[in-house]
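Visitor: Okay, handing you the structure first.
The values are calculated or read from the model by the stated rules, or taken from the named source; none is laboratory data. Everything numeric here is computed off the predicted structure, so don't read it as measured data. For neighbour counting, all protein chains shown are included, and Cβ atoms are generated from backbone atoms with ideal geometry for every residue, glycine included. Ligands, DNA and RNA are excluded from the accessible area calculation, which covers all protein heavy atoms including side chains. Shrake-Rupley method; radii C 1.70, N 1.55, O 1.52, S 1.80 Å.
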Amino acid sequence: MTASSTPAPAHAQWFSLPGLEPASPTPERIQAYRAALEAGHKALKEQFAAGTDAAELVRALSWLVDQLLSRAWREQIDHRSELALVAVGGYGRSELLPGSDIDLLILLPDGAADGPYRDELQRFLAFLWDIGLEVGHSVRSPGECAEQARQDVTVMTNLVEARFLAGDPGLFETMGEVTAPDRLWTSQAFFAAKLAEQKARHAKFHDTAYKLEPNIKESPGGLRDIHMVGWVAKHHFGADRLEQLVDHGFLTPREFQALTQGQSFLWRVRFALHTLTGRHEDRLLFDYQRTLAHDLGYRDSDYQQAVELFMRDYFRNVQELNRLNEMLLQLFREVILHAGDTTEPHVINERFQSIKGFLEVRDDQVFRRDPCALLEVFLLLQQHPKLEGVRASTIRLIRAHTWLIDESFRQDPRARRLFMEIFRQPAGLTLVLRKMNRYGVLAAYIPVFARIVGQMQYDLFHVYTVDEHTLFLVRNLRRFTVERFAHEFPLCSEVIQTLPKPELLYLAGLFHDIAKGRGGDHSELGARDAYDFCILHELEEKDAELVAWLVRQHLLLSTTAQRQDISDPAVIHGFAEKIGDPVRLDYLYLLTVADIRATNPELWNSWKEALLQELFIQTRQALRRGLDEPVEQAEWILDTQEQAGELILEAGLDPADVAALWDTLEDDYFLRHSPDEIAWQAGVILGAPADQDTLVALRTLPQGGGTQLFLYTCLSSNLFSLTTALLDQLGLSIMDARIVTSRKQCALDTYVVMEREGAATQGPFRNEEIRTALLKRLRSGTTTPPPVTRRAPRQHQHFHIPTKIRFPDQEPGERTMVEVITSDRPGLLSRIGQAFNACKVSLENARVATFGARAEDVFYVVNEDGSVLDEGQQERLKATLLQYLE
């Protein structure tokens, strides 16, 4: 606790304060104080714009508030000499930003009731709100403070930071005595409680500092991590300032400089954020990031936007603060929790030993004598899984010696063997890669990796920085190998056990996005980096080519599954030709699943899983059969009909009725539907009363992946647009659409839909709601799509995606492929359907893919004659789509 308010500093000249005069809170006094506060904020904004250090700004605002509060107290409460006004929380630390809460403690003498003071204190607090100060307050006696602090570590923390403002200093000192650390919380108990608090706080952010809408204060590596260090230092060591940690030997001068620079950076961002929003706001939402980047002086470069450069600096700062927090808390743990522990270290080899569960060097010169030990330390962590981590003193030595990892180090055969051995270990790869990244070793050993550290991609699809996404991908791959997680992705867990060299898969994962942000094709550039790395590390030529191929083609399987009609045997055959052999397919499938899940966990769903699995299984069958023996279309149709016929017989349908139904359908229907779907739809149609000409049925897909909706009705104009608008209004996301017209001009349309949160529709009531709404609208006779009134997500408004219409080159066929890239929005598919209808274009198939705010939808269409669109028709359709979408 600090028993004196901040002395008048140099920045006092920035402010003009009201004169001191005993007075009640009259409108004139309120206006005088409000004017002083507003002028003070204006002066601080001018100083911020002039580049004044943020540390001085937060102290200056705190000093200004000190003056206003102490003056108001002396004017209104000073006759109550037995009371005291105390600053607590961030204000107690003299750290205020424009939107910060001002936390106050009003101290009463022990045994005194607040009754005699209540009216005066209420007028005082109301006065503070009237002049524009947002205060939080509590009224307690020293004894009550002690009792509350004994029960709640948060109260204890606030009191550790308490600072006297006005009133009776003796009462403040009494509170300090009864709440002294040695009287309420032992250092061990306080540290353990605060450590548990931090772990719980970090868990809310999935233990990563690299979410693309981070919280400046609460996220890992944020300001709260610095506060955590300060609280423990103050409680245990009595250190009022962070620089005293240098005196105590916990920080080197260089580390203290990094800590203060990181803190000042976050303060500057927070100052700008509070100024921009006009309120207390700690979330770096997309709504603010572009403006903040500009206000902080960032400008677009050749390959990166200003906002990406700003956020890269943010993430690199919090990464450094996260490292310092980890190291300091580990040092505190040794001093506080293990004080007096005389456990002897256990020698591992001539360079390393373990003590109290942590790995450490045997002397401070290990890395100078043997630089390869900078990699060996991580291998030892894998080989000794009982070790909790690296001792803080050794972390400091690692970070201080990364300069030894130069070109000659990378050429050292022993270093190369150690690195590859890390990738070949049966366990611990994810853990050590994260530590290698945190301690700066990974970026030093692979210089191209350094470019993606903290690199963000300004969109809603990639929710992590590139380096964090990469490490999540490797973690997902390793998770496939762990038996207790086999239930999550059974096929992946089965396939990974068959890989001859899993380390090649992990290397491909490490390099797959390593060229992001350089300009050019990141897959191609990354493939070259990966190949060179593999050759340098003495991998066989065929293994190096496999890793490079995986990096080059890491998007192939996902784009094929989500954008092409994989029910078409020609598509499967063409994809199989690009893959070449089953081993490559296995590697690529695993890499693809892990990649999508690491990009944005909220965008992964059972539909994507089912699509990828279907493409994988069909391609594997094609490769086993042989690429020189593709399945003929007639053979495919006959096989599908035979399998569907068996299911229909089991369902008890009349074969004659089925044959009559099938006679109305073109061959294309049997190419684009599975036997199970054909049997289900036949049952819906033939099981309905003869007088019902519009049918809607729903079921959960047998293989998982969403809800299948089947619509059977007489063909009408705008049917696709009408149906998609209704489904959108019902809160459903459309993943797939297959549009079929029978020879009797009936529509047999099949949709795959999911709830907005990415799950199949739940329960019979929800399905009946959907069915009833569709039937009511379709039987009404109207062809006008209803307006879609749901609102787009908040973040989407910050990402304008220019609409692009393409007609990709494809093999000569019976349909034209149309690719639409545009901003996702309510009613998008309905508007596209209206454009098709306006151009008299018939839709046969649709693949819908949404990547954050970006929609990349693919449609297969024909003209009125049922043939492909010529160039003129394509141009008219493009212009019409642009008209409807822009």
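Visitor: Within the set of other residues whose C-beta is less than 12 Å from the C-beta of Tyr589, count the net charge using Lys and Arg as +1 and Asp and Glu as -1.
Guide: -3
Visitor: Within straight cross-link reach of Lys356, meaning Cα distance under 26 Å, which lysines are found once same-chain residues fewer than 8 apart are removed?
Guide: Of all the lysines, those that pass the test against Lys356 - Cα under 26 Å, at least 8 places apart if same chain - are Lys194, Lys199, Lys234, Lys386, Lys435.
Visitor: Okay, moving on. Between Asp663 and Ile535, how many nm apart are label points set 7 Å from Cα along the C-beta direction?
Guide: Going by the 7 Å Cα→Cβ label model, 6.7 nm.
Visitor: To continue, here is another question. At a Förster radius of 30 Å, what calculated FRET efficiency corresponds to the Cβ-Cβ distance of Thr700 and Ala200, to the nearest 0.05?
Guide: For Thr700 and Ala200, the calculated efficiency is 0.25.
Visitor: Taking region 628-666, which GluC sites (Glu not before Pro) meet the DSSP loop condition and have no more than 15 other C-beta atoms within 10 Å?
Guide: Sites meeting the loop and neighbour criteria: Glu632, Glu666.
Visitor: Taking all protein chains in place and a 1.4 Å probe, what share, in percent, of the accessible surface of the chain do carbon and sulfur account for?
Guide: Accessible surface attributable to carbon and sulfur in the chain totals 48 percent.
Visitor: For region 308-417, which GluC sites (Glu not before Pro) pass both filters: DSSP loop (anything but H, G, I, E, B) and at most 16 other C-beta atoms within 10 Å?
Guide: Within region 308-417, the qualifying GluC sites (Glu not before Pro) (loop, at most 16 other Cβ atoms within 10 Å) are Glu350, Glu388.
Visitor: Using alpha carbon centroids, what distance separates region 136-158 and region 470-500, in Å?
Guide: Answer, in whole Å: 50.
Visitor: Right, something else. Considering only DSSP beta bridges with both partners in the chain, what is the antiparallel share in %, to the nearest 5?
Guide: 85
Visitor: Output ³J(HN,Hα) for region 200-212: one whole-Hz value per residue in order, computed from phi by the Karplus curve 6.51 cos²θ - 1.76 cosθ + 1.60 with θ = phi - 60°, and x for Gly and Pro.
Guide: Calculated HN-Hα couplings, in order: 5, 5, 4, 4, 5, 10, 6, 6, 10, 8, 10, 5, 7 Hz.
Visitor: Oh, and also: Can you tally the net charge around Ala548? Count Lys and Arg as +1, Asp and Glu as -1, for every other residue whose Cβ sits under 14 Å from the Cβ of Ala548.
Guide: Overall, the nearby charge balance is -4.
Visitor: Further question on the same structure: What's the FRET efficiency of Ile355 with Arg283 using the Cβ-Cβ distance as r and R₀ = 45 Å, to the nearest 0.05?
Guide: That pair, Ile355 with Arg283, gives E of 0.65.
Visitor: Could I ask something else about it? Residues of the chain: accessible area per residue at 1.4 Å, in Å²?
Guide: I get 42 Å² per residue for this part.
Visitor: Something else about it: Relative to the longest principal axis of the C-alpha atoms of the chain, give the angle of the C-alpha long axis of helix 142-151, reported between 0 and 90° and rounded to the nearest 10°.
Guide: With both axes taken from Cα atoms, the answer is about 30 degrees.
Visitor: Tell me the label only: which of (i) 33.2; (ii) 31.9; (iii) 28.5 is Kirkwood radius over Cα pairs in Å as calculated from this structure?
Guide: Read-out from the structure maps to (ii).
Visitor: Figure the gain on full extension for Asp53 and Gln643 (residue separation times 0.36 nm, minus the Cα-Cα span) and round it to one decimal in nm.
Guide: Here the segment from Asp53 to Gln643 would lengthen by 205.0 nm.
Visitor: Report the trypsin sites (Lys or Arg not before Pro) located in region 283-312 that are in a DSSP loop and have at most 14 other Cβ atoms inside 10 Å of their Cβ, or state none.
Guide: When the trypsin sites (Lys or Arg not before Pro) of region 283-312 are filtered for loop state and at most 14 Cβ neighbours within 10 Å, Arg299 remain.
Visitor: Using the beta-carbon distance between Gln31 and His800 and R0 = 30 Å, what value does 1/(1 + (r/R0)^6) give for FRET efficiency, to the nearest 0.05?
Guide: The computed FRET efficiency comes out at 0.10.
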